[in-house]
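The values are calculated or read from the model by the stated rules, or taken from the named source; none is laboratory data. Since this is a predicted model, take the numbers as computed values, not measurements. Because the Cβ atoms are built from the backbone with ideal geometry, glycine has one as well, and the counts that use them run over all protein chains shown. Surface accessibility is based on the protein's heavy atoms, side chains included, excluding ligands, DNA and RNA. Shrake-Rupley method; radii C 1.70, N 1.55, O 1.52, S 1.80 Å.
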Amino acid sequence: MSKDNVNHPSHYEAGPFECIELTRLYPFAGGNAIKYVFRHRAKNGVEDLEKALWYLDHATVDELRPMPCASNSKACHLLRVLERADWQVMAPFWKGMWELAQGYDSGLTRAHRAVDRRVRLLENPLTDDELKLLDGWSAKPEAAWRLRAGGFEY
């Protein structure tokens, strides 16, 4: 079977469903933010996440919600599928987008924080002690200081 990079690129098909099923329910900005997070590990890594952040920073809250004519329940269902699968290890992003789709503006903060944290993690690998703190375990005090200095919340 040959690859079809025009109609069915592998970086959009690798998930629990094809990315277009979700992005077509959104306005341009929201669909792009989703697209870049959906594919970042299979395509451009940090660059894709920075593009997602750009859309999260520059779009209005309504541009990050499913379109009024779209089935909100379908978008919410697909976002929950991605969250439960922890697709691209970005469950907090998918949860934030679900919250936005439900009408909670605070979802934007959660989604933005998830993408921003992933960018910083990829750009500055953390020590084992720092990862323990982020996962809720205790670690050496200097690990906490370094995380706070780097802008991480734990």
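One table, with the values for the structure above:
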| read-out | value |
| --- | --- |
| Added length on full extension, which subtracts the Cα-Cα distance from 0.36 nm per residue, Asp105 to Val61 | 15.1 nm |
| Using alpha-carbon coordinates, inclination of helix 106-123 to the longest axis of the chain, degrees | 60 |
| Equivalent ellipsoid dimensions for the chain as semi-axes, Å, which come from the Cα gyration tensor, largest first | 29, 19, 13 |
| Helix-only [θ]222 nm of the chain, DSSP H runs n ≥ 4, -39500 (n - 2.57) each, per residue, nearest 500 | -17500 deg cm²/dmol |
| Carbon and sulfur %, accessible surface of the chain computed with the full protein complex present, 1.4 Å | 52 |
| Accessible area, probe 1.4 Å, largest first, for residues Glu99, Glu63 | Glu63, Glu99 |
| Largest to smallest accessible area among Tyr26, Tyr104, Tyr55 [probe 1.4 Å] | Tyr104, Tyr55, Tyr26 |
| Solvent exposure ordering (accessible area, 1.4 Å, most first) of Lys43, Lys51 | Lys43, Lys51 |
| 1.4 Å probe accessible area per residue over the chain, in Å² | 57 |
| FRET efficiency, Arg148 to Ile20 (Cβ-Cβ, R0 35 Å, nearest 0.05) | 0.30 |
| At R0 = 22 Å, FRET efficiency that the Cβ-Cβ distance of Asn124 and Trp54 yields, to 0.05 | 0.65 |
| Rounded to 10°, Cα long-axis angle of helix 46-58 versus longest principal axis of the chain | 70 |
| Average Cα contact separation per residue, the chain, under 8 Å, 6 or more apart, as relative contact order % | 17 |
| Length released on extending from Arg80 to Glu47, taking residue separation times 0.36 nm less the Cα-Cα span | 9.4 nm |
